[in-house]
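Please read the structure below before turning to the comments.
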């Protein structure tokens with residue numbers, strides 16, 4: 001190993017060593033809770049909170065408030081920030097209720113926007129489910145028996161899971177049996193999500209190990 | 001409605017003259033702050049019922065605006081023959097209304113940040129337990145906030161992007177925050193296995209189905225699944241040739257990657273869709289309750 005290249009003697013290497021220090025400090029939790037982990041955990045929260053002020057605070061205020069007023073000259077925007085500042089009354093016991101006016105605006109708008117979301121997100125899904133062909137006929141010449149079986153499965157699983165989630169009345173007899181099947185199908189779905197989550201986390205872990213080996217220890221691994 | 005459209009279309013009413021725009025804009029902003037400060041004692045004189053009524057009315061109007069824009073038919077040419085047939089009279093105001101929400105959202109972010117800083121400043125001032133970590137948080141917050149804001153302003157060419165800003169932001173963001181972020185989330189990889197082990201110990205049909213599916217998906221989506229199926233067992237890869245007999249078709253479709261894909265697309269998708277329908281209907285009910293201020297504790 002070329003020690004001069006490995007040691008943190010240049011700005012680039014110092015940057016890599018900082019990254020390694022952060023990674024190892026976080027992984028130290030695997031041994032047990034310790035002061036080094038707590039230090040970097042607090043640093044992480046501080047950095048994340050500080051970073052958000054740039055793109056999510058200043059950028060938005062500049063783009064939607066400062067630029068329209070001072071550069072484009074649309075004066076009506078002047079009232080938005082003073083109105084929004086009422087949010088900060090939340091910390092006052094006496095004036096706290098005024099923050100609810102702004103919170104109410106956000107809540108009301110979110111509720112109104114949900115109608116739109118429901119229609120654009122859920123109705124097309126319902127539509128596509130109802131349009132699934134369940135038999136081979138002249139109307140669907142390209143349909144194979146395999147596709148028909150899959151479509152039947154799709155509808156059966158959907159209905160049985162929906163039955164499981166119906167709590168408006170007591171599930172008894174055949175309904176209960178369908179609901180039990182629904183629960184099992186739900187477990188298949190949750191298992192698939194669990195498997196995917198594990199693989200996503202493993203990909204992150206592999207990324208970290210790759211960083212430690214490739215960037216820090218300069219051991220070339222993998223292709224390319 | 002026609003007046004509203006007319007006002008929106010009349011740029012001169014809404015736009016300040018170019019000559020002394022900065023001065024007028026500053027005066028109007030100051031005036032707006034004074035107006036809203038002046039409103040505080042007026043609002044404070046309201047009795048509790050009046051205060052609640054204001055919150056309820058504003059919540060309702062905010063929701064009504066977006067709901068009405070969505071539900072009203074877009075083609076108003078029967079009533080307003082000169083209007084654009086692809087919109088209704090509220091559509092032009094949608095983008096500005098969403099921008100207002102963005103601004104209030106940005107202010108709400110400041111609120112959260114203020115709460116965090118206030119809590120940790122209190123820890124330090126009152127020297128509560130482990131207050132040293134609060135100093136770490138505050139120092140890293142102030143440093144990153146400075147560099148992040150300067151970097152945002154540099155992107156807009158308001159301040160100059162010098163080497164200190166460039167290198168400092170790169171170290172703080174690329175080599176510290178991104179690394180901590182990735183390490184923190186990859187940490188879950190270790191704990192997820194202990195969670196799986198605990199789930200396995202619960203010997204029920206549900207836990208067994210869950211773990212079997214998870215294993216199938218995990219092995220199926222990585223090269224191990226393909227190796228086991230196509231190299232070790234020698235199953236044929238790819239789609240079955242046209243006109244192949246039933247046995248050949250089965251052989252082409254029982255490889256682990258194929259089964260994992262089938263589980264994901266044919267068994268998982270309807271279960272997910274059913275969950276989504278439940279979430280959607282629940283969300284709709286909650287949206288109506290919030291909009292009409294029927295939900296307790298909000299207004």
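Values in this text are rule-based calculations from the coordinates and carry no lab data. From a predicted model like this one, the values you see are computed outputs, not experimental measurements. Using ideal geometry, Cβ is built from the backbone for each residue, glycine included, and neighbour counts are taken over all protein chains shown.
Structure summary
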read-out	value
Efficiency of FRET between residue A:125 and residue B:203 - r from beta-carbon atoms, R0 35 angstrom, step 0.05	0.50
Average Cα contact separation per residue, the range A:74-162, under 8 Å, 6 or more apart, as relative contact order %	14 percent
Residue mean of other protein chain beta carbons inside 10 Å, A:204-215	3
Percent RCO, i.e. relative contact order, over chain B, from Cα pairs under 8 Å lying at least 6 residues apart	13 percent
Cβ neighbours within 10 Å from other chains - mean over B:155-165	1
Average Cα contact separation per residue, the range B:151-262, under 8 Å, 6 or more apart, as relative contact order %	20 percent
By average C-beta atoms within 10 angstrom, highest first, the peptides A:89-101, A:53-65, B:236-248	A:53-65, A:89-101, B:236-248
Peptide-level mean, for A:16-26, of C-beta atoms on other protein chains within 10 Å	5
Pairwise label distance in nanometres, residue B:131 with residue B:261, each label 7 Å out on the Cα-Cβ vector	6.2 nm
Nearest 10 degrees, 0 to 90: helix B:131-155 Cα axis against chain B principal axis	80 degrees
Within a Gaussian network of chain A (alpha carbon springs, distance under 10 Å), most fluctuating of A:184, A:17, A:75	A:75
Mean Cβ neighbour count within 10 Å, used as a protection proxy, ranking B:21-28, B:266-273, A:140-147, A:43-50 highest first	A:43-50, B:266-273, B:21-28, A:140-147
Label zone at residue A:167 (point 7 Å along Cα-to-Cβ), backbone N below 18 Å, the range A:185-218	A:186-187
The protein assembly as shown: calculated mean residue ellipticity at 222 nm from DSSP helix runs of at least 4, using -39500 (n - 2.57)	-21500 deg cm²/dmol
Exposure proxy ranking, count of Cβ atoms within 10 Å, fewest first, for B:210, B:37	B:37, B:210
